[in-house]
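Q: Got a structure here, written out as structure tokens. Questions coming.
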Amino acid sequence: MSINELEKQVTELKELQRMAEDLNAEITAIQDTIKAEMTERNADEITAGAFKIRWKPVLGHRLDSKALKADHADLYARYSVETVTKRFSIA
């Protein structure tokens, strides 16, 4: 691929990313409107025509690795796994 072709691809990618950001902003705005209505009704589930809308709390548990490392550095070191990822970016 030539530099010109690569530049064209990056330009197209940037435009698509901008469009995706606009769509995500619209999606978030609609979701926030629906959530506000559910909050006003004090409901975590509403039926709207053929749609059942749920906005319920979900309980989860996560390991606090900073606290584990501070309190039990030996255990942290023993069970830590190093990973490598590649980050794609365009400046």
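Q: Please specify each residue of region 56-79 satisfying the condition of being farther than 30 Å from Arg41 by Cα, part of a loop (DSSP other than H, G, I, E, B) and either at pLDDT below 95 or under 23 Å from the mean Cα position of the chain (by Cα) (or both).
A: Within region 56-79, Arg62, Leu63, Asp64 qualify.
Q: If you go through region 17-32, how many residues are open to solvent by 90 Å² or more (accessible area, probe 1.4 Å) and farther than 30 Å from Lys56 by Cα?
A: Result for region 17-32: 1.
Q: Residues of region 55-66 being surrounded by 10 or more Cβ atoms within 10 Å (Cβ to Cβ) and either touching a helix residue (DSSP H, G or I) at 6+ places or on another chain (Cβ under 6 Å) or basic (Lys, Arg) (or both), which ones?
A: Trp55
Q: Which is in contact (Cβ under 8 Å) with a residue 24 or more places away in the chain, surrounded by 10 or more Cβ atoms within 10 Å (Cβ to Cβ), out of contact with any Cys (no Cβ under 6 Å at 6 or more places or on another chain) and not hydrophobic (A, V, I, L, M, F, W, C), of Lys35, Lys8, Lys69, Lys14?
A: One residue alone meets the criteria, Lys14.
The values are calculated or read from the model by the stated rules, or taken from the named source; none is laboratory data. Since the structure is predicted, the reported quantities are computational estimates derived from the model, not experimental observations. With ideal geometry, Cβ positions are generated from the backbone for all residues, glycine too; neighbour counts draw on all protein chains shown. Accessible surface is based on the protein model in full, side chains and every heavy atom, while ligands, DNA and RNA are left aside. Shrake-Rupley method; radii C 1.70, N 1.55, O 1.52, S 1.80 Å.
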